Each structure stands twice: as C-alpha cells, then as structure tokens.
Amino acid sequence: MKKQTEKECENSKGEKAMHLHKFEKIWLIFGIGILIIFLAVVGVGAFAMGHQPASNIKTIDPEKVAETAPFNNPGLVHIKGNKYELNLVAEAFSYTPNTIQIPKDAEVTINVATKDVVHGFSIAGTNVNMMVEPGYVSSYTQTFSKTGEFLVLCNEYCGAGHHLMMAKVEVTE
C-alpha cells in the first residue's frame with residue numbers, strides 16, 4: 001500500500017479522492033455565501049426595485065445638431081407650472097447658450113448634445129455632471145433651490161481650448 005498524503009486517500013475502487021482541510025472548507029463556504037448574498041442584493045436592486053440600465057437613449061445625428069429640434073433653438077423652455085427644459089449645444093470650446101437664467105425652485109431637465117467631440121457638462125455646486133458624446137443626447141433633471149451664479153464647466157478634455165469652455169447659470173427669484 002502506498003503512503004498517502006494528508007490531502008489524498010484511496011476509495012474502495014482504488015481511485016484517489018481529494019479531502020479538504022477544515023479551514024479550506026470554512027473559507028470555501030464563506031466565499032460562496034458572500035457571492036450568493038452579492039447576487040441577491042444585485043437581483044433585488046435590479047428587478048424588485050426597478051433599477052435598470054438606460055433604455056430610452058436619445059440619439060441625434062452629430063452633423064445635424066444645429067438643424068434638429070430642440071437644439072436648433074437652444075435655451076430655456078417653460079413646459080408647465082414650475083417645470084422647464086434647458087437645451088444646450090456643446091461645441092469647440094463653447095456652450096450655446098452661454099448664459100442661462102433659471103427661476104429659483106424650478107425643476108429643469110437639461111438636455112445637451114455635441115456637434116464635434118466628447119465634452120463634459122458639470123455645474124459647479126450642484127450634482128449635475130454628464131458626459132456629452134457625439135450622436136447622443138445627455139439628460140439630467142435638477143431642481144435649483146438656491147439663488148446665485150453657477151459656473152458650467154467642461155470636465156472632459158476636448159482639445160487645446162478646453163480650459164476656455166464654460167458657461168454661466170443664473171438662478172433668480
């Protein structure tokens with residue numbers, strides 16, 4: 001009979017079988033348990049709570065942004081009550097329009113499209129932060145609850161004049 005190692009032994013048919021040490025079993029059970037918990041949390045978040053990837057993605061021809069509504073006339077549009085829509089165009093080191101006046105406590109859906117390269121759209125002092133890609137319309141809804149001037153910056157490097165790309169949002173009473 002051969003000398004058997006700690007991890008191997010022969011069964012009745014003469015085949016070698018693997019035995020796990022007590023601590024290996026504990027870690028294996030712990031790892032599989034954590035994996036099951038992680039998948040359950042993701043499953044609950046995805047299905048039960050309705051979280052899902054963006055599915056209603058708006059597309060736009062980047063060569064025809066200036067001819068496509070609502071970007072053919074960018075600016076703030078009153079929808080109803082206290083709801084507004086802000087349509088902006090990002091292009092070579094500028095935003096159109098460059099200055100936007102928004103009433104305080106207005107709920108604004110911001111739509112941004114670009115004619116050329118990837119840009120960023122970030123309003124300092126708020127949670128507004130989007131990546132603007134050619135061919136897509138980026139949207140974000142924000143309620144402006146305090147008055148003042150907010151700086152709009154491009155936070156994606158877009159070329160030599162990137163540091164000049166800014167606009168201003170004025171929230172008024």
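The chain: longest stretch without exposed trypsin sites (Lys or Arg not before Pro) (DSSP loop, at most 16 other Cβ within 10 Å), sites themselves excluded?
14-103
Per-residue HN-Hα couplings for region 152-158, Karplus 6.51 cos²θ - 1.76 cosθ + 1.60 at θ = phi - 60°, whole Hz, x for Gly and Pro?
The phi angles translate into 9, 10, 8, 9, 10, 4, 10 Hz.
Under 5 Å between amide H atoms, partner at least 5 residues away or on a different chain: which partners does D105 have, H built in plane at 1.01 Å?
HN-HN under 5 Å from D105: F144, S145, K146.
In whole Hz, what ³J(HN,Hα) sequence does region 120-129 give by Karplus (6.51, -1.76, 1.60; θ = phi - 60°), x for Gly and Pro?
x, 9, 9, 9, 4, x, 10, 8, 6, 7
Considering only F93, F23, F38, give the residue with the highest GNM mean-square fluctuation for the chain, with springs between Cα atoms whenever their separation is below 10 Å.
Its mean-square fluctuation being the largest, the pick is F23.
What residue among M130, M18, M49 shows peak mean-square fluctuation when the chain is described by a Gaussian network model with Cα springs under 10 Å?
The residue with the greatest mean-square fluctuation here is M18.
Under a 10 Å cutoff between Cα atoms, tell me which one of E67, E85, E24 has the largest fluctuation in the Gaussian network model of the chain.
E24
Where does helix 22-43 land angle-wise versus the long Cα axis of the chain, in degrees 0 to 90, nearest 10?
For helix 22-43, the angle is close to 30 degrees.
How fast does region 69-173 diffuse by Stokes-Einstein, in µm²/s, taking the Kirkwood radius from C-alpha pairs at 25 °C and 0.890 mPa s?
181 µm²/s
Each reported figure results from applying straightforward, stated rules to the coordinates on display, with no laboratory input. Keep in mind the model is a prediction, meaning the values are calculated, not measured. Cβ sites come from the backbone with ideal geometry, for glycine too, and all protein chains shown count toward neighbours.
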